Amino acid sequence: MIEFRGVSKTYPGSEMPVVNDLSFEVLEGEVCVLVGPSGCGKTTSMRMVNRLIEPSEGQILIDGEPNTSMSGTQLRRKIGYAIQQIGLFPHRTIAENIGTVPGLVGWEKERIRSRTEELLDLVGLDPGAYRDRYPAELSGGQQQRVGVARAMAADPPIMLMDEPFGAVDPITRERLQDEFLHIQDNIKKTIIFVTHDIDEAIKMGDKIAILKEGGILAQYDTPESILSAPDSEFVSSFVGSDRVLKRLSLTRVGDVDLEPANGHAEGLPELSEQTSLKDALSEMIGSGVERGVVVSDGNVLGSLTLDAIRQLSGRNTK
């Protein structure tokens, strides 16, 4: 668990804090996303966890112990760190990049090799094809995957991710997000994730901390609660006027009660159980129909209607 207790940061020569009296808890295995406008202290807050930046006031506790209880170097070796710029060492191979922290903490070579191959598999890169390449030989999306693998290399319980998918095109970004969420389902790291994109925050976060100018916490809650009950006009404006559609993106077709297909599947859009209600709505509207058929492994499970989506979104009128 990570706990911020009244944490503030004011730089010398400035009267205004960058982060102001920040208090919240991130439970073990949760992804907490820090989001807000440019200059609101998101990255500063995250970097105070591994003491790349020291707070001016307050404490950050990790499993109940202040993060000042060990040296900054020791602390950073126990916390994974992935950034937008990736930061791979250009003169080192992919395997050497991933093995950086395990080597620093004294792992044996065979253990590092095994862990490197395991992580390359995990992020969807064939070890035989990629371990001996250099960063310049990889695409931006592939380099991002290596950056995430390197952050996980020493199996840290905590990971800090500063816009880790921000430097790639939208299609690659969405694929990396999906892959990471799939990985997180298995590894259950405690993660603080920084983004400026509220849609990414909603998709990635178990909890969202919305910060406003001056590093003030505007709201800290689940994506569903923030979308359904924003605490202030600032939060409402920040999450956008399409809150209903954003809420639909949180629910998968497989999570709702389906109606019988009644044999009328022909000509209807096919939806998988993993399709979000937002995407299902888009498919049906784009096809000019009021019903989609839900299919798994070639079997029809039932149908989803526009009326059902309206009811789930809290809007019962056409």
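Tally time: how many residues in the range 187-226 are part of a helix (DSSP H, G or I), under 25 Å from Asp279 (Cα atoms) and over 9 Å from the mean Cα position of the chain (by Cα)? Walk me through it before giving the result.
Pass one, the range 187-226, residues part of a helix (DSSP H, G or I): 187, 198-204, 223-226.
Subset that is under 25 Å from Asp279 (Cα atoms): 198-204, 223-226.
Subsequent filtering for residues that are over 9 Å from the mean Cα position of the chain (by Cα) retains 198-199, 223-226.
Here the count works out to 6.
Output the residues belonging to the range 1-41 that are open to solvent by less than 10 Å² (accessible area, probe 1.4 Å) and under 15 Å from Glu213 (Cα atoms). If the condition is that a residue be open to solvent by less than 10 Å² (accessible area, probe 1.4 Å) and under 15 Å from Glu213 (Cα atoms), then Val19, Leu22, Leu34, Val35, Gly36, Cys40, Gly41 are the ones that fit.
For residues that are open to solvent by less than 30 Å² (accessible area, probe 1.4 Å) and either touching a residue at least 40 places away in the same chain (Cβ under 8 Å) or assigned to a loop (DSSP other than H, G, I, E, B) (or both), scanning just the range 93-111, find the one that is farthest from Ala153 (Cα to Cα). If you could, list the steps in order and put the result at the bottom.
Keep residues of the range 93-111 that are open to solvent by less than 30 Å² (accessible area, probe 1.4 Å), which gives 93-95, 97-100, 102.
Now restrict to residues that are either touching a residue at least 40 places away in the same chain (Cβ under 8 Å) or assigned to a loop (DSSP other than H, G, I, E, B) (or both): 93-94, 97-100, 102.
Details: Thr93: 15, Ile94: 12, Asn97: 10, Ile98: 6, Gly99: 7, Thr100: 8, Pro102: 7 Å.
By that ranking, first place goes to Thr93.
Going by what's in this entry, would Thr190 be described as modelled with pLDDT of 90 or more and open to solvent by less than 40 Å² (accessible area, probe 1.4 Å)? Outline the logic, then answer.
On the way: modelled with pLDDT of 90 or more: yes; open to solvent by less than 40 Å² (accessible area, probe 1.4 Å): yes.
So Thr190 passes the test.
Close Cβ contacts (under 6 Å, 6 or more residues apart or on different chains) running from residues in the range 211-229 that are within 20 Å of Ser241 (Cβ to Cβ) to residues that are at pLDDT below 90 and basic (Lys, Arg) comprise Leu227/Arg243; Leu227/Lys246; Leu227/Arg247. Among the candidates Arg131, Arg113, which residue alone is basic (Lys, Arg) and in contact with a helix residue (DSSP H, G or I) (Cβ under 7 Å, 6 or more places away or on another chain)? After ruling out the rest, the residue left standing is Arg131. Quick one: is Leu250 at pLDDT below 90, of a type outside the set (Val, Ile, Thr), under 17 Å from Cys32 (Cα atoms) and not in a helix (DSSP H, G or I)? Criteria met by Leu250.
Selection of the range 153-175 for residues being out of contact with any helix residue (DSSP H, G or I) (no Cβ under 6 Å at 6 or more places or on another chain) and more than 21 Å from Ser38 (Cβ to Cβ) yields Asp155, Pro156, Pro157, Ile158, Asp169, Ile171, Glu174, Arg175. Restricting Ala95, Ala82 to residues that are among the small types (Gly, Ala, Ser) and within 21 Å of Leu52 (Cβ to Cβ) narrows the list to Ala82.
Starting from residues that are closer than 20 Å to Phe24 by Cα and in contact with a Lys or Arg (Cβ under 7 Å, 6 or more places away or on another chain), keep the ones in the range 225-238 and report whichever is modelled with the highest pLDDT. By that ranking, first place goes to Phe234. Could you check the range 235-284 and list, in sequence order, the residues that are without any contact (Cβ under 8 Å) to a residue 12 or more places away in the chain and open to solvent by less than 40 Å² (accessible area, probe 1.4 Å)? Listed by number, the list holds a single entry, Ser236. Restricting attention to the range 1-51, the residues that are in a strand (DSSP E or B) and over 15 Å from the mean Cα position of the chain (by Cα) add up to 15. Among what's in the range 116-137 and is crowded, with 17+ Cβ neighbours inside 10 Å and in contact (Cβ under 8 Å) with a residue 40 or more places away in the chain, pick the residue that is farthest from the chain's Cα centre (by Cα). Here the answer is Pro135.
Can you find a residue in the range 60-74 that is loosely packed, with under 14 Cβ neighbours inside 10 Å and under 29 Å from Glu200 (Cα atoms)? Yes, the range 60-74 has at least one match. Residues that are hydroxyl-bearing (Ser, Thr, Tyr) and part of a helix (DSSP H, G or I) within the range 230-247 comprise Ser236, Ser237, listed in sequence order.
Tally time: how many residues in the range 152-176 are within 20 Å of Asp63 (Cα to Cα) and either open to solvent by 30 Å² or more (accessible area, probe 1.4 Å) or not in a strand (DSSP E or B) (or both)?
Selection size over the range 152-176: 5.
The values are calculated or read from the model by the stated rules, or taken from the named source; none is laboratory data. The structure presented is a predicted model; accordingly, all values stated were derived computationally and were not measured. Positions of Cβ are generated from backbone atoms using ideal geometry, with glycine treated the same way; all protein chains shown enter the neighbour counts. Each accessible area value is taken on the protein alone, full model and side chains, heavy atoms only, with ligands, DNA and RNA left out. Shrake-Rupley method; radii C 1.70, N 1.55, O 1.52, S 1.80 Å.
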